[in-house]
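The values are calculated or read from the model by the stated rules, or taken from the named source; none is laboratory data. Because the structure is a prediction, the values reported are computed rather than measured. In this analysis, Cβ positions are derived from the backbone assuming ideal geometry, glycine residues included, and neighbour counts consider all displayed protein chains.
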Amino acid sequence: MKIGAFNETAAENMKRIVARASLLFMMIYANVCLAQNSQETNNTLMTGSASPHSQGDAASTSPQAVEPAGEKWTELNAVRSGLDPSRIESAVLAKWDFPDYTSELVRVEWRANDPIELYVVRPHGVVKPPVILYLYNFPADTDHFRERAWCEFVSRNGFAAVGFVSALTGQRYHTRPMREWFVSELQEALGTSTHDVQMILDYLASRGDIDASKVGMLGEGSGGAIAILAAAADPRIGFVDAINPWGDWPDWLKQSSVVPDKERPAYLEPEFLQKVAMLDPLKYLPHFSPERIRIEEVTSDPMTPSGVQAKYTASAPSPGRVVRYPDVHAQIQAWTTQYWWLKEQLQPHPTPAIPKDR
C-alpha cells in the first residue's frame, strides 16, 4: 500500500521505522512461540508488520482535507460528531475455528467509501469475554492477527481481541492523491480514528458474544494517541495502555523522525497546528483517573521525541503509571517476564468467601 511521497531522507527514516516494527514483531513473536507450552508464560508486546511506503522525487504537502458533511473531526464524541451507530453495517468475510479460539475477519462500515476490516478473536469456553482493542503505530498493519501463535496468546486467559488499523493506513488508504498521508491529514486521521474506536465498540456490543462493558485498549505511537482520545470521549474504555504515544503536536511535528524534513515547515504553520490543537492527547490526559491509564516510554525511540515523552510523564495522572525503558530490548524483556497489565485490570477479582458463623 503506497502512502505519501517522501524525499530521500524521509524514505530512509521510514525504512528505519518499518525495520524497527518488523524486528520487534519477530523478536516477540519468537518469544510467544517458545512459550506456547508453558502455563507460566507471561505477556508480550506486539507492534505489527508495517505497510510498504513509496519513495517520490520530492515530498509535497497539501491542505488538509475538508470535513465531510455529517462528521466533525474536532469533536471527540462519535455521536456528537455526526455519526449514527444505528447505521453500522457489517459482514463476516471469513471465519476460522481452532482448538482454543475462533477468529473472524469482519468488514464494518459507517462512513461512505471507508470500510474497516476487523479481526475479532474470541476464546473458547468463555461466555461474553472482556475485550482488548489493538491499534498500532502508523504505518503498522494487522497481519499478525493471521498468526495462530499470536491469536492464541491474546485470547489466553479468557480474553477477546480486536485488531484494526487507523484512518489512512493499510487497507484504508485508497483513492487519495499520493501527497496525502497520515501526517499531512493529521486532523482527519486522528478525528476519524477516534470516532472509529467508539463505533467499533457499538458494533461489538451489538454482537452479543463480547462483554463491551469490560474494555481495554492497547495503542502504540499514533495508536496510543488515538486510544487516549477515544477513552477521553468514551467511558466504556475502562483501561488504556499507551506505548510511546504521539502528541504535543508543535514539538512532535518539529522533532519526530516520522515527519519528512521537506514537509516539516508546512506542518509547523499556525493554521495546521490550530486544526489539531483540540486533538492533542496531552490536553485530556490529566483528567483521567490514575488507575485508568498506563504510559510506556522507550527513551531511544526517535518517533516520539524525548521532549514529548517528558511532557507525558509530567501530565500523567499518576507518576507510578509511567514505565520507562532505555531501549526496545528492555521493553521486550519486561513484557516477556511480567503479567500483562491490561488483562490484570480487566480480570474480575474473586469474591472472598463469607466465613460461616462459629
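Listing for the model above:
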{"quantity": "Among (1) over 21 Å from the mean Cα position of the chain (by Cα); (2) of a type in the set (D, E, K, R); (3) surrounded by 17 or more Cβ atoms within 10 Å (Cβ to Cβ); (4) part of a loop (DSSP other than H, G, I, E, B) - the single one Lys275 does not satisfy", "calculated": "(4)"}
{"quantity": "Check on Phe159, at pLDDT below 95, buried (at least 21 other Cβ atoms within 10 Å of the Cβ) and not hydroxyl-bearing (Ser, Thr, Tyr)", "calculated": "no"}
{"quantity": "For His195: the one exception among (1) out of contact with any strand residue (DSSP E or B) (no Cβ under 6 Å at 6 or more places or on another chain); (2) under 20 Å from Gly158 (Cα atoms)", "calculated": "(2)"}
{"quantity": "The range 242-255: number of residues that are farther than 18 Å from His287 by Cβ and surrounded by 21 or more Cβ atoms within 10 Å (Cβ to Cβ)", "calculated": "6"}
{"quantity": "Condition check for Ile243: touching a residue at least 60 places away in the same chain (Cβ under 8 Å) and farther than 22 Å from Ala140 by Cα", "calculated": "no"}
{"quantity": "Check on Leu201, surrounded by fewer than 17 Cβ atoms within 10 Å (Cβ to Cβ) and at pLDDT 95 or above", "calculated": "no"}
{"quantity": "Single condition Asp241 does not satisfy, out of (1) touching a helix residue (DSSP H, G or I) at 6+ places or on another chain (Cβ under 6 Å); (2) not aliphatic (A, V, I, L, M); (3) not in a strand (DSSP E or B)", "calculated": "(3)"}
{"quantity": "So Val106, is it surrounded by 11 or more Cβ atoms within 10 Å (Cβ to Cβ) and more than 16 Å from Gln171 (Cα to Cα)", "calculated": "no"}
{"quantity": "Residue within the range 238-249 that is in contact with a Pro (Cβ under 7 Å, 6 or more places away or on another chain) and farther than 23 Å from Glu220 by Cβ present", "calculated": "no"}
{"quantity": "Residue among Phe145, Phe164 that is surrounded by fewer than 24 Cβ atoms within 10 Å (Cβ to Cβ) and modelled with pLDDT of 95 or more", "calculated": "Phe145"}
{"quantity": "Where Leu83 falls short, out of the listed (1) outside any strand (DSSP E or B); (2) more than 22 Å from the chain's Cα centre (by Cα); (3) not acidic (Asp, Glu)", "calculated": "(2)"}
{"quantity": "Boolean, Thr304 is among the hydroxyl-bearing types (Ser, Thr, Tyr), within 23 Å of Pro139 (Cα to Cα) and surrounded by fewer than 19 Cβ atoms within 10 Å (Cβ to Cβ)", "calculated": "no"}
{"quantity": "Residue that is nearest to Glu269 (Cα to Cα) [pool: residues in the range 57-97 that are at pLDDT 95 or above and among the small types (Gly, Ala, Ser)]", "calculated": "Ser81"}
{"quantity": "Residue check, Asp114 part of a loop (DSSP other than H, G, I, E, B), surrounded by fewer than 18 Cβ atoms within 10 Å (Cβ to Cβ) and at pLDDT 95 or above", "calculated": "yes"}
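Matching residues to (1) of a type in the set (Val, Ile, Thr); (2) at pLDDT 95 or above; (3) in a helix (DSSP H, G or I):
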{"position": "Leu282", "(1), (2), (3)": "no, yes, yes"}
{"position": "Arg294", "(1), (2), (3)": "no, yes, no"}
{"position": "Asp301", "(1), (2), (3)": "no, no, no"}
{"position": "Gln309", "(1), (2), (3)": "no, yes, yes"}
{"position": "Tyr312", "(1), (2), (3)": "no, yes, yes"}
{"position": "Gln331", "(1), (2), (3)": "no, no, yes"}
{"position": "Tyr339", "(1), (2), (3)": "no, no, no"}
{"position": "Pro352", "(1), (2), (3)": "no, no, no"}
{"position": "Lys356", "(1), (2), (3)": "no, no, no"}
